[in-house]
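Reviewing the structure listed below.
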Amino acid sequence: MHFTDFDPETFLRDHWQKKPLLIRDPWNAWRNPLDPDELAGLACEEAVESRLVAHAADTDGDRWAAEHGPFRENRFGELPPQRWTLLVQAVDHYVPEVAALIEPFRFIPDWRIDDVMASLAANGGGVGPHFDQYDVFLIQGLGKRRWQIGATCDDKSALLPHDDLRLLAQFEATEEWVLEPGDILYIPPGIAHNGVAVGDDCMTYSIGFRAPSRSQLIAHWADHVLAELTEDDRYTDPDLRLQGNPGEISAEAIAKLHAMVMERMGGRNAFARWFGEFSTSPKYPDIDWRPDAPMDAAEIRRRLEAGATLVRNPASRFSFVQKDAGGALLFVDGECFECSEESGAFVERLCAEDSVATEPSLIKSEPAMELIRTLVDRGSVTFETDD
């Protein structure tokens, strides 16, 4: 599926991180990529992150309950006829048809994309009025959902007391739409919103975008720098001179101490390499995607010479940074691979496309073949004919 009536440049100029946008069915032919029963089945899997959110309204006010998966298969038969929502994270990791929903949105850089969350709701189901700290495209897959948009919120906005849900204590809708299959609602960070299913079998796909906070970047980057330092790397002052007041920390000392820190913290190339590894780290690092048995280099070469296509694992994250001296740093699932100019075109295609057919010249390159073998062994890529 792809867009036929959507202009990314206009969207980025007028709406991205600025204001919400309702996009009425821009697809060439919308098809819901996942059956409700299949989504419920995923929520029963041990490795899959899922939640059930139920809502009841009575004389004591609204009551919200959250339950975390994995769920028993018969759990869904026990649910009430209305006012519940099942949410399953990273469905794109497991269902290629859902992963394909990301492709039309790749006018946003890949490192910003988080995952595709899918939800299934009974009539009246929702997760309550809330706000997110990231951009999100909400695609209506099946059924109908009423979306309300409210004010801009921040960490000072009052929340209801709840251990698992961050629900706004006050919400007043300023705009409202009912989305039908194929419709999309874009919501920037900080905008209050509330979605409620209109009828049963309401399925929504949420494509979320990562936005690291300044504190996250500083903390993780500092941890990385600290891991590479030694106890012997200390302040020295062999040029120390007598000063008038021993209680003063001199300007010279401050400058030297500051430079001592910034010299290691401010290296742009080192930061770029670290961020490539940091931003491509797997969402669920404990899941092992490696094949049952490693494939030797001769078998990989035979398959490529026969015209086999390499396919990226939807759960893997790929990015690259061009090196000043030529070639590129390829980042895959938190690992960095130094690539020469010889394999640069292949690296760029691998980051741009879900599947790549290798050129004959690349098959003759030993560094390129070693890279492909490593990625196959790690489960980051496979061959199109494999499961």
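Throughout, read-outs are computed from the coordinates displayed, never taken from laboratory work. Being a predicted model, the structure only gives us computed values, none of them experimental. Ideal geometry is used to build each Cβ from the backbone, glycine not excepted, and the neighbour counts take in all protein chains shown.
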Of Cys202, Cys351, how do they rank once you tally other Cβ atoms within 10 Å and put the fewest first? Cys351, Cys202
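Can you give the translational diffusion coefficient of the chain in µm²/s, computed by Stokes-Einstein from the Kirkwood radius over Cα pairs at 20 °C and 1.002 mPa s? Let's see the in-between values first.
Values: Rh = 24.1 Å.
Here the translational diffusion coefficient equals 89 µm²/s.
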Those residues of the range 256-299 whose amide nitrogen sits under 19 Å from the label point placed on Val225, 7 Å along Cα→Cβ: 256-279
Counting only Cα atoms, I'd like the Rg/Rh figure for the range 38-162, Kirkwood definition for Rh. 0.97
Per the Kirkwood formula over distinct C-alpha pairs, the hydrodynamic radius of the range 297-383 in angstrom is 12.9
Shape of the range 94-243 from its Cα gyration tensor (a ≥ b ≥ c, root eigenvalues): rounded if a/c is under 1.5, otherwise prolate when a/b > b/c, or oblate? prolate
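Would you order Lys18, Lys156 from fewest to most other beta-carbon atoms within 10 Å of each residue's own beta-carbon? Don't skip to the answer; put the middle values down first.
Numbers: Lys18 11, Lys156 5.
If I rank by nearby Cβ atoms, fewest first, I get Lys156, Lys18.
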Would you list which lysines come within 27 Å of Lys156, measuring only between C-alpha atoms, while excluding same-chain residues fewer than 8 positions from it? Lys18, Lys19
